[in-house]
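Enquirer: Take this structure first; my questions come after.
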Amino acid sequence: EYLLRELTSKNIFTTSHVGSRGSHPPDLQPSCMTLTDERLAASRIRSAIQGPYFLTAALRAHKRLKKRSLEQIVDAIIARKKRRKQENLLFDFRKAKDLVITFNTLRPWFPRPYLCLFDSFCLLEYLALHELFPTWVFGIQGEPFEAHCWLQEGDVVLNDRVERVNKLSPIMTV
């Protein structure tokens, strides 16, 4: 519901056809695999080493979601991706898998409710600290209404299940 309110308040999403802009679905490959099994856990050593990175990302995401609008956050991520695009680096799925497993291991230690917006943004910031820049996807389902977001690179979902995201229609990618 938070995501729906935020998207509606910024006129990204509307409940009325009057005054709405025409939209085109974002160019996104259909998901066909998930990066990790959610039951996997990182080693204590890896978790200890990655703890400061996780905490930095979690605090950054928490602070920005409290003080900035979703539009400002999205604009900042777009600008960061444009700067990084010049480097033309390939996405390292092996590195991403290890980091997502570690993120999932550390996430229960950050006292914030599990919401797709925070968790996806936090993981996005955590991966950026390690020079990985996946796509942040926002999707909706009509009946019953659902708004959701997740991270994806190509056809690989990083922080959700393929079955869940494939029932949603992407409305924005960052």
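Enquirer: Just to compare against my own numbers: the Cα pair-distance distribution for the stretch 119-171, 10 Å bins, whole % per bin, please.
Expert: Per 10 Å bin, starting at 0, the Cα pair percentages come out as 25, 53, 19, 3.
Enquirer: Follow-up question, since we're still on this one. Quantify, in whole percent, the carbon and sulfur part of the accessible surface of the chain (1.4 Å probe; protein heavy atoms only). Could the numbers behind the result be given before it?
Expert: On the way: 5670 of 10630 Å².
In the chain, the share of accessible area belonging to carbon and sulfur is 53 percent.
Enquirer: Moving on. By the gyration tensor of its Cα atoms, with a ≥ b ≥ c the square roots of the eigenvalues, what is the shape of the chain: rounded for a/c under 1.5, prolate for a/b over b/c, or oblate? Walk me through the intermediate numbers first.
Expert: Numbers: a/c = 1.59, a/b = 1.52, b/c = 1.05.
Note, shape of the chain comes out prolate.
Enquirer: On the Cα set of the stretch 65-108, report Rg and Dmax in Å, please.
Expert: Cα-based Rg and Dmax for the stretch 65-108 come out at 14.1, 35 Å.
Enquirer: Before I look further, what does the chain give for accessible area per residue, probe 1.4 Å, in whole square angstrom?
Expert: For the chain, the solvent-accessible area averages 61 Å² per residue.
The values are calculated or read from the model by the stated rules, or taken from the named source; none is laboratory data. These numbers come from a predicted model, not from an experiment. SASA here: full protein model, heavy atoms, side chains in, ligands and nucleic acids out. Shrake-Rupley method; radii C 1.70, N 1.55, O 1.52, S 1.80 Å.
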